[in-house]
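Presented below is the structure to which this report refers.
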Amino acid sequence: MGFGELFILAVGLAMDAFAVAVCKGLALKKIGAGKALLVGLWFGGFQGLMPFIGYLLGTGFEDKIKAIDHWVAFILLGLIGLNMIREACSGEEEEADACLDVKSMFLLAVATSIDALAVGITFAFLKVNIGMAVSTIGVITLILSAAGVYIGHIFGEKYKAKAEIAGGIILILIGLKILLEHLGIL
């Protein structure tokens with residue numbers, strides 16, 4: 001996986017965190033660089049940590065499923081992408097909450113990075129440079145989440161669902177690309 005693909009994957013993974021950051025920005029009465037950076041650090045930190053944990057888990061059973069690793073990557077990325085699209089299209093409104101305390105942010109950071117854990121498992125099969133991958137995913141998520149706080153404060157709910165749909169489509173397309181490359185079609 002080259003840097004371009006990794007960058008696109010990072011953007012796709014960051015969309016859940018971006019959407020929640022938009023909600024935070026919407027709920028905050030007053031924002032500043034400190035609050036935006038705090039949200040970005042929570043989400044970026046967990047989005048970087050979870051693929052690393054997934055990678056460690058994946059390397060533990062990589063040799064047992066080597067023959068079907070491309071299918072595993074395709075299915076995991078496809079399911080994560082479809083779930084992101086389903087959530088965006090469900091019409092369920094998330095409660096805008098201005099709380100930035102440790103408990104709230106920890107729960108949100110874990111919830112928005114579970115998909116990154118699954119992606120980390122696929123990294124073990126794809127022989128990805130895990131240091132570059134987790135750094136890229138973490139930094140991209142930090143930047144997009146911090147920007148999301150400002151965007152939410154200015155524009156509100158307008159872009160949240162579109163961001164989640166775009167993220168889901170990106171993950172599905174990357175999974176499809178992995179499968180097609182392994183099958184020799186690309």
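Structure notes:
- For the chain, a crude dipole built from +1 on the beta carbon of Lys and Arg and -1 on the beta carbon of Asp and Glu, taken about the Cα centre, is about 360 debye to the nearest 20.
- Note on the chain: GNM, Cα springs under 10 Å; of L57, L37, L107, the largest mean-square fluctuation is that of L107.
- Pairs of alpha carbons in the chain whose separation is greater than 26 Å (percent): 28 percent
- Mean separation of Cα contacts under 8 Å (6+ apart) over length of the chain, as relative contact order %: 52 percent
- Spatially proximal lysines relative to K162 (Cα-Cα < 30 Å; intrachain offsets below 8 disregarded): K24, K29, K30, K35, K103, K177
- Expressed as a whole percent, the accessible area of the chain that falls on carbon and sulfur atoms is 72 (1.4 Å probe).
- Positive-end ranking of I137, I154, T112 along the dipole of the chain, with charges on Cβ about the Cα centre, is headed by I154.
- Per residue, the chain exposes 48 Å² of accessible surface when a 1.4 Å probe is rolled over the protein heavy atoms with every protein chain present.
The values are calculated or read from the model by the stated rules, or taken from the named source; none is laboratory data. Keep in mind the model is a prediction, meaning the values are calculated, not measured. We place every Cβ from the backbone using ideal geometry, glycine too, and count neighbours over all the protein chains shown. Keep in mind that these areas ignore ligands, DNA and RNA; they rest on the heavy atoms of the full protein, side chains included. Shrake-Rupley method; radii C 1.70, N 1.55, O 1.52, S 1.80 Å.
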